[in-house]
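See below for the structure under consideration.
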Amino acid sequence: MIEFKQVSKKYPTGQLALYNINLTLEAGEMVFITGHSGAGKSTLLKLVAMLERPTKGEVLIGGRSLSKLGRSQIPNYRRRIGFIFQDPHLLYDRTVFDNIALPLRIAGMGQSETRRRVQAALDKVGLTGRENTFPLMLSAGEKQRVGIARAMVNKPTIILADEPTGNLDPELAQDIMFTFAQFNELGATVMIASHDHALVERMKKRTIVLQKVD
Ligand SMILES: Nc1ncnc2c1ncn2[C@@H]1O[C@H](COP(=O)(O)OP(=O)(O)O)[C@@H](O)[C@H]1O
Ligand SMILES: [Mg+2]
């Protein structure tokens, strides 16, 4: 489903972030990407999301090289991906509902379908009933859940999470990881970058360790 073939990424600054990565993920798999700061975890996820492009090698999704996607196909491809960051970057002058509905409105979805999807996403992250709340009223864990709901509302087939629990206490962090595991059980392919080894070990999923290249 997701395949890296001899992928290297060198940033324009000359910094080599990934060197000769070969990696295959089956559809419906959930994997953790670990490694020290600077090992290339974020870069790896960005290559899948097409936020960066490899300088060598190929990233294939469903057997198709991302380098062969035309400009007009990229937005459609990105819609299949849910990207979750350490900081959920919520809009603080909008309600929880509006924050989660944003990707659907961008996609031009009608009101009733939007409402249905947002409710379903709220339910999945355990925030039913909080739709009219503003983000300032939420705890850090709840804010992160809103970010996850927003990423999931398009029903992505691939979920990429970059240090999604970095700011949370251990118990909340574990809850968030279980939320990802639930989405995975519903069929999504999930890649999570994390340097929290204890947490990653408890999840008992395949773990890929990146080494920093110099
Ligand atoms: N936009 C960028 N421009 C230049 N160098 C970058 C950029 N992003 C990351 N790097 C460098 O690439 C390497 C890998 O970074 P990153 O993928 O962020 O690693 P990690 O997420 O594991 O901490 C680091 O040396 C980092 O400084
Ligand atoms: Mg990172």
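The values are calculated or read from the model by the stated rules, or taken from the named source; none is laboratory data. What you are looking at is a predicted structure, and each value in this text was computed from that prediction instead of being measured. With ideal geometry, Cβ positions are generated from the backbone for all residues, glycine too; neighbour counts draw on all protein chains shown.
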### Message
Give all pairs with beta carbons closer than 8 Å in which a residue from the stretch 159-178 that is farther than 16 Å from Ala198 by Cβ meets a residue that is hydroxyl-bearing (Ser, Thr, Tyr) and surrounded by fewer than 22 Cβ atoms within 10 Å (Cβ to Cβ); count only pairs at least 6 apart in sequence or on separate chains.
### Response
Asp162/Ser42
### Condition met for Asn167 (over 21 Å from Gly40 (Cβ atoms) and within 16 Å of ligand 1 (Cβ to nearest atom))
yes
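Which of the helices (runs of 4 or more DSSP H) found entirely inside the stretch 20-136 contain at least 1 residues meeting this: within 16 Å of ligand 1 (Cβ to nearest atom), without any contact (Cβ under 8 Å) to a residue 60 or more places away in the chain and surrounded by 12 or more Cβ atoms within 10 Å (Cβ to Cβ)? Outline the logic, then answer.
On the way: elements: 41-48, 74-79, 96-106, 111-124.
The qualifying helices (runs of 4 or more DSSP H) are 41-48.
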### Some residue of the stretch 145-163 being away from ligand 1 (no atom under 16 Å from the Cβ), buried (at least 22 other Cβ atoms within 10 Å of the Cβ) and over 27 Å from Glu3 (Cα atoms)
yes
### Summary
Restricting attention to the stretch 182-198, the residues that are under 18 Å from Leu45 (Cβ atoms), more than 16 Å from ligand 1 (Cβ to nearest atom) and not in a loop (DSSP other than H, G, I, E, B) number exactly 4
## Note on the structure
Of the residues in the stretch 85-103, those that are in contact with a helix residue (DSSP H, G or I) (Cβ under 6 Å, 6 or more places away or on another chain) and at pLDDT below 95 come to Pro88
### Positions within the stretch 137-174 being part of a strand (DSSP E or B) and among the hydrophobic types (A, V, I, L, M, F, W, C), in sequence order
Ile158, Ile159, Leu160, Ala161
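One residue is enough: does the stretch 64-79 have a residue meeting the conditions within 30 Å of Leu127 (Cα to Cα), aromatic (Phe, Trp, Tyr) and modelled with pLDDT under 95? Step through it out loud before you land on a result.
So in the stretch 64-79, the residues within 30 Å of Leu127 (Cα to Cα) come out as 75-79.
The next check asks that each one be aromatic (Phe, Trp, Tyr); those that pass are 77.
When the remaining residues are screened for being modelled with pLDDT under 95, the result is 77.
Checking the stretch 64-79: at least one residue is within 30 Å of Leu127 (Cα to Cα), aromatic (Phe, Trp, Tyr) and modelled with pLDDT under 95.
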